[in-house]
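Undergrad: So that we are looking at the same thing, I have put the structure below in structure tokens.
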Amino acid sequence: MKVKEKKWIRFRIYVVTTFFLLGFGTILARAYQLQVIERDYLRGIAENGIIGTIKLPPERGTIYDREGNELALSVHVGSVFAHPKQIKEKNKTARQLSRILGEKKNKILKLLRRDRSFVWIKRRISPTLTQQVSGLKIDGIGVTTETRRYYPGREIAAHLIGFSGADNQGLEGLEKRYDDSLKGPEHRLIRMRDALGRSFSINRTDPSGRGMHHLVLTIDKEIQYKAQQALKIAVKKTRAKGGHCIVVNPETGEILAMAVVPEFNPNAFSKYRPDQWRNRIVTDCFEPGSTIKALLLAASLEESVVTPDSQFHCEEGEYKVGGRVVHDTHKYGKLSASDIIVYSSNIG
């Protein structure tokens with residue numbers, strides 16, 4: 001009996017030991033799976049539950065004229081946000097913010113009553129308003145820094161420069177054409193949330209991505225201003241619907257001014273019709289008319305094809321080309337290259 005009892009005891013010890021070893025091994029295997037194999041996946045789930053990100057529009061590079069004058073730049077402004085779940089006295093808070101921000105109380109109250117952990121109240125406000133909101137020191141109300149596009153020259157070169165929208169994305173003109181180059185690195189707000197979804201911390205991340213670039217134009221701000229003023233006077237005097245003007249350096253071909261009338265202010269572009277934004281000089285087709293004659297003669301002189309005294313027969317006012325007849329307003333016989341410009345001969 002004793003031998004059998006010992007065997008039975010030994011058997012039970014083996015069974016219990018095996019059970020514990022299997023259990024311990026299972027725990028180790030599961031721990032390895034969670035901490036090594038599925039670490040990144042589980043960390044992502046956890047971060048999604050407690051971390052939220054808000055993308056902020058990137059800062060944009062500055063646009064300069066040839067002399068270094070700023071034509072478009074980014075200025076730092078404040079933006080007001082709220083954590084609705086943290087605000088206890090929503091009516092009082094809405095009333096206080098309404099007085100400062102100039103928004104309707106009901107509009108702000110509606111935002112504060114939303115079932116969200118983060119909402120924007122008003123973006124891109126003045127430094128004075130930013131200080132006033134910060135001075136309220138209301139739990140659940142905060143202010144962060146963003147950038148807004150500003151055009152110090154207002155209408156100066158507006159059609160050429162264009163403008164960017166609320167998210168600092170180029171929408172017209174050079175702002176749109178060079179959007180990828182002007183855009184700077186992204187900024188994000190990282191907000192921590194508790195188990196109930198309430199935000200308890202807001203941090204601004206370091207910028208990520210490539211740096212922004214600046215843009216230097218051949219435009220001269222002073223010449224641009226004078227060209228626009230002269231064009232406005234001419235349009236008003238002739239009672240025209242609009243006008244276009246380009247000032248070019250004849251030695252280099254650089255464009256010193258590009259004016260379009262009617263004008264618009266890119267700081268308040270939404271107050272104008274879309275057709276008023278368009279730079280008709282580069283977007284619309286038009287016939288140059290007799291102005292092209294001077295350019296053709298200049299090219300011919302430069303290539304030594306003709307001289308100012310070269311003679312051409314103007315066919316007495318009618319010349320057939322490809323089945324069509326070209327006319328002059330007056331009948332001319334022989335004219336020199338210079339006289340062709342003087343009398344604006346189409347045939348010559």
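Undergrad: Against the conditions (1) among the aliphatic types (A, V, I, L, M); (2) surrounded by fewer than 16 Cβ atoms within 10 Å (Cβ to Cβ); (3) closer than 30 Å to residue 185 by Cα; (4) in contact with a helix residue (DSSP H, G or I) (Cβ under 9 Å, 6 or more places away or on another chain), where does residue 215 fall short? Just the number, please.
TA: (2)
Undergrad: Examine segment 302-318 for a residue that is surrounded by 11 or more Cβ atoms within 10 Å (Cβ to Cβ) and in contact with a His (Cβ under 9 Å, 6 or more places away or on another chain), and state whether such a residue exists.
TA: Scanning segment 302-318 turns up at least one residue that is surrounded by 11 or more Cβ atoms within 10 Å (Cβ to Cβ) and in contact with a His (Cβ under 9 Å, 6 or more places away or on another chain).
Undergrad: Can you tell me which residue is nearest to residue 77 (Cα to Cα) among those in segment 87-122 that are touching a strand residue (DSSP E or B) at 6+ places or on another chain (Cβ under 7 Å) and surrounded by fewer than 17 Cβ atoms within 10 Å (Cβ to Cβ)?
TA: 120
Undergrad: Another question, if that's okay. Residue check: is residue 232 surrounded by fewer than 13 Cβ atoms within 10 Å (Cβ to Cβ), of a type outside the set (Val, Ile, Thr) and not in a strand (DSSP E or B)?
TA: no
Undergrad: If you check every pair at least six apart or on different chains, which have Cβ atoms under 9 Å apart with a residue in segment 300-326 that is at positive phi first and a residue that is part of a strand (DSSP E or B) and of a type outside the set (Gly, Ala, Ser) second?
TA: From residues that are at positive phi, the pairs are 315/326; 317/327.
Undergrad: Looking only at residues that are under 51 Å from the mean Cα position of the chain (by Cα) and part of a strand (DSSP E or B) in segment 294-345, which one is farthest from residue 250 (Cα to Cα)?
TA: 324
Undergrad: Looking only at segment 272-297, which residues are in contact with a Pro (Cβ under 9 Å, 6 or more places away or on another chain) and closer than 26 Å to residue 339 by Cα?
TA: Correct list: 295, 297.
Undergrad: Further question: For residue 195, are the conditions met, namely being at pLDDT below 85 and under 17 Å from the mean Cα position of the chain (by Cα)?
TA: no
Undergrad: Can you spot a residue in segment 118-127 that is assigned to a helix (DSSP H, G or I) and without any contact (Cβ under 8 Å) to a residue 12 or more places away in the chain?
TA: Looking for residues that are assigned to a helix (DSSP H, G or I) and without any contact (Cβ under 8 Å) to a residue 12 or more places away in the chain, one finds none in segment 118-127, hence no.
Undergrad: Give the residue that is surrounded by the most Cβ atoms within 10 Å (Cβ to Cβ), with candidates limited to residues of segment 275-293 that are β-branched (Val, Ile, Thr) and without any contact (Cβ under 8 Å) to a residue 40 or more places away in the chain.
TA: The extreme case among them is 282.
Undergrad: Within segment 70-84, can one find any residue that is assigned to a helix (DSSP H, G or I) and modelled with pLDDT under 85?
TA: Yes, there is a match, as at least one residue in segment 70-84 is assigned to a helix (DSSP H, G or I) and modelled with pLDDT under 85.
Undergrad: Can I ask one more? Specify the residue that is farthest from residue 71 (Cα to Cα); the eligible residues are those in segment 235-266 that are surrounded by 13 or more Cβ atoms within 10 Å (Cβ to Cβ) and over 28 Å from the mean Cα position of the chain (by Cα).
TA: 235
Undergrad: Quick check: anything in segment 324-339 surrounded by 10 or more Cβ atoms within 10 Å (Cβ to Cβ), among the charged types (D, E, K, R) and at pLDDT below 75?
TA: Scanning segment 324-339, I find at least one residue that is surrounded by 10 or more Cβ atoms within 10 Å (Cβ to Cβ), among the charged types (D, E, K, R) and at pLDDT below 75, so the answer is yes.
Undergrad: Checking residue 296 against (1) of a type outside the set (Gly, Ala, Ser); (2) surrounded by fewer than 17 Cβ atoms within 10 Å (Cβ to Cβ); (3) under 24 Å from residue 175 (Cβ atoms): exactly one of these is not met. Which one?
TA: Against the list (1) of a type outside the set (Gly, Ala, Ser); (2) surrounded by fewer than 17 Cβ atoms within 10 Å (Cβ to Cβ); (3) under 24 Å from residue 175 (Cβ atoms), residue 296 comes up short only on (3).
Undergrad: Next question. Looking at (1) within 31 Å of the chain's Cα centre (by Cα); (2) modelled with pLDDT of 85 or more; (3) not acidic (Asp, Glu), which one does residue 126 not meet, given that it meets all the others?
TA: The number of the failed condition is (2).
Undergrad: Please tell me if residue 80 is assigned by TED's automatic domain parsing to the domain that holds residue 174 and touching a helix residue (DSSP H, G or I) at 6+ places or on another chain (Cβ under 6 Å).
TA: So residue 80 passes the test.
Undergrad: Restricting to segment 304-325, count the residues that are over 17 Å from residue 341 (Cα atoms) and aromatic (Phe, Trp, Tyr).
TA: Counting residues in segment 304-325 that are over 17 Å from residue 341 (Cα atoms) and aromatic (Phe, Trp, Tyr) gives 1.
The values are calculated or read from the model by the stated rules, or taken from the named source; none is laboratory data. Note that the structure is a prediction, hence the values are computed from the model and not measured. Please note: Cβ atoms are built from the backbone with ideal geometry, for glycine as well, and neighbour counts cover all protein chains shown.
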